[in-house]
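K.L.:
Okay, here's the structure, questions in a sec.
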Amino acid sequence: MPNTLDQFDIRPIEPNDKEGLQEGLTLLSNESRRQRFFSSRKEFTENELKFFTEVDQVNHIALVAVNKSPGPSPAGSVRCIRDTHPGREHFAELAITIIDSFQGMGLGFVLMDLLAQAALKQNITHFYGDFHTSNRKMLKLLEKYCVKYHIPPQSFLLNRKSDGFLYFEMPLS
Ligand SMILES: CC(C)(COP(=O)(O)OP(=O)(O)OC[C@H]1O[C@@H](n2cnc3c(N)ncnc32)[C@H](O)[C@@H]1OP(=O)(O)O)[C@@H](O)C(=O)NCCC(=O)NCCS
């Protein structure tokens, strides 16, 4: 049986993905846009597009998923950015976005899994980040990763912050 994820081309992000990223933002629902960017913004600036797409894949690792058919269209992206604080060099902040029409197909999990494998090769051993307490999908995604890689619950840090967000930290293996 064909894997439904075969419809996606998953690869490291490239400088010429700027247009796809900009288009992807317009395809997100307001809810997803808020969950990812904590605002309802509808356009990236030139500087942001440069930052998001011209990455070194060492301290800033990013992957994109492109829907291959009927014609190439953005489906999602995932990135992690290494913490520059002394003693935190093995930690990277995770951010992930799947366009609504492709959510719930397993694409987010595959992207996060591939990103984690790429991150480990660059000596990044932990992901961290914030997400809103209402974002059950993100929590489930992280829990699913922990189950797959047998991350013990005590190693998965989840703190409720005063602003309605959850802060997480987790080892990748
Ligand atoms: C969070 C997000 C990345 C998940 O990606 P996804 O491709 O939809 O997730 P997957 O299909 O890989 O599902 C992974 C797990 O999430 C959970 N999940 C997925 N869709 C769900 C839904 N609609 N309701 C509840 N849980 C859900 C499931 O546990 C699922 O695992 P399972 O299918 O084995 O049960 C995606 O919803 C998204 O981009 N949301 C908007 C942006 C965002 O919130 N980013 C996170 C903050 S940076």
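Computed from the coordinates by the stated procedures, all read-outs in this text should not be read as laboratory data. None of the values given here were measured: they were computed from a predicted structure. Every residue, glycine among them, receives a Cβ derived from its backbone with ideal geometry; neighbour counts consider all protein chains shown.
K.L.:
Which residues, taken from the stretch 1-31, are within 15 Å of the ligand (Cβ to nearest atom), within 17 Å of the chain's Cα centre (by Cα) and not hydrophobic (A, V, I, L, M, F, W, C)?
P.N.:
24, 29, 31 - these are the residues of the stretch 1-31 that are within 15 Å of the ligand (Cβ to nearest atom), within 17 Å of the chain's Cα centre (by Cα) and not hydrophobic (A, V, I, L, M, F, W, C).
K.L.:
Check whether at least one residue in the stretch 54-69 is within 13 Å of the ligand (Cβ to nearest atom), in contact (Cβ under 8 Å) with a residue 12 or more places away in the chain and basic (Lys, Arg), and report yes or no.
P.N.:
The answer is no; no qualifying residue exists.
K.L.:
Something else: For the subset of the stretch 70-93 comprising residues that are under 11 Å from the mean Cα position of the chain (by Cα) and among the small types (Gly, Ala, Ser), which member is farthest from the ligand (Cβ to nearest atom)?
P.N.:
That would be 77.
K.L.:
Filter the stretch 32-47 down to the residues that are part of a helix (DSSP H, G or I) and within 16 Å of the chain's Cα centre (by Cα), then identify the one that is surrounded by the fewest Cβ atoms within 10 Å (Cβ to Cβ).
P.N.:
This residue is 37.
K.L.:
What number of residues in the stretch 118-154 are away from the ligand (no atom under 11 Å from the Cβ), surrounded by 12 or more Cβ atoms within 10 Å (Cβ to Cβ) and among the polar types (S, T, N, Q)?
P.N.:
Looking only at that region, the number is 3.
K.L.:
For residues that are more than 15 Å from residue 62 (Cα to Cα) and surrounded by fewer than 19 Cβ atoms within 10 Å (Cβ to Cβ), scanning just the stretch 94-117, find the one that is farthest from the ligand (Cβ to nearest atom).
P.N.:
So the residue we want is 101.
K.L.:
Additional query: Could you grab the pairs with beta carbons closer than 6 Å, sequence gap of 6+ or different chains, first residue in the stretch 92-108 and under 16 Å from residue 145 (Cβ atoms), second one of a type in the set (S, T, N, Q) and more than 6 Å from the ligand (Cβ to nearest atom)?
P.N.:
none
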